[in-house]
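*Asks:* This is the structure, below, for whatever I ask next.
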Amino acid sequence: MKPYERKQLLERIEREGATVGASIPETIDVQGEEIALGEFVFETKRRNTVPADDRERVDQLKKNLRRERRQRVQRIEEADISFETGERLVESIIGIDRALSALERLEPADIEREIATKEAADRKRWSNFLKRALGKDDNTPRRRR
């Protein structure tokens, strides 16, 4: 591969809208393991949240995808490969980026923590209201008579 072709491929990866219109690969070899990436992302997105029991699996997959992406970019940067091989790597990297983007947008489904946080905020508001109503709020300026 010629240096300008390598540069062209690397620029394509980093382009702002590179993932627009790109599809998530159905399967991908990540760290030596074949993963049904398209199905996994689709099923996870369908729920709109990451359940607590799947959170560790999703986090590990994202970590592995990032590592695989770095290795593929490094291969384009440093390896003696053909332009066609580089193009295939670019397409796979863009697919990985698309999958990572979809997985990053999901919110963890930790309903219990969310409920506890809301209840704590409600208790604090109620406590502050009672302090103000009973005149025991240390933050309010006191009037002299």
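The values are calculated or read from the model by the stated rules, or taken from the named source; none is laboratory data. Just so it is clear, the model here is predicted, and its values are computed rather than measured. Methodologically, a virtual Cβ is constructed for each residue, glycine included, from the backbone with ideal geometry; neighbour enumeration extends over all protein chains shown.
*Asks:* Would you say I24 is in contact with a helix residue (DSSP H, G or I) (Cβ under 9 Å, 6 or more places away or on another chain), assigned by TED's automatic domain parsing to the domain that holds D97, over 16 Å from L61 (Cα atoms) and of a type in the set (A, V, I, L, M)? Step through it out loud before you land on a result.
*Replies:* Values: in contact with a helix residue (DSSP H, G or I) (Cβ under 9 Å, 6 or more places away or on another chain): yes; assigned by TED's automatic domain parsing to the domain that holds D97: yes; over 16 Å from L61 (Cα atoms): no; of a type in the set (A, V, I, L, M): yes.
So I24 fails the test.
*Asks:* Still on this structure, I have one more. Within region 107-145, take every residue that is surrounded by 10 or more Cβ atoms within 10 Å (Cβ to Cβ), of a type in the set (A, V, I, L, M, F, W, C) and part of a helix (DSSP H, G or I) and give me the one that is modelled with the lowest pLDDT.
*Replies:* Filtering first and then ranking leaves I111.
*Asks:* Would you point out the residue of region 1-16, among those that are crowded, with 16+ Cβ neighbours inside 10 Å and over 17 Å from G95 (Cβ atoms), that is modelled with the highest pLDDT?
*Replies:* Only one residue tops the list, namely R6.
*Asks:* Ok, one more. Residue by residue through region 93-105, note down the ones that are of a type in the set (A, V, I, L, M) and surrounded by fewer than 21 Cβ atoms within 10 Å (Cβ to Cβ).
*Replies:* The answer is L100, A102, L103.
*Asks:* Do any strands (runs of 3 or more DSSP E) lying entirely in region 21-92 carry at least 2 residues that are surrounded by 12 or more Cβ atoms within 10 Å (Cβ to Cβ), and which ones are they? So that I can check it myself, show each step before the final result.
*Replies:* Values: elements: 28-30, 33-35, 49-51.
Result: 28-30, 49-51.
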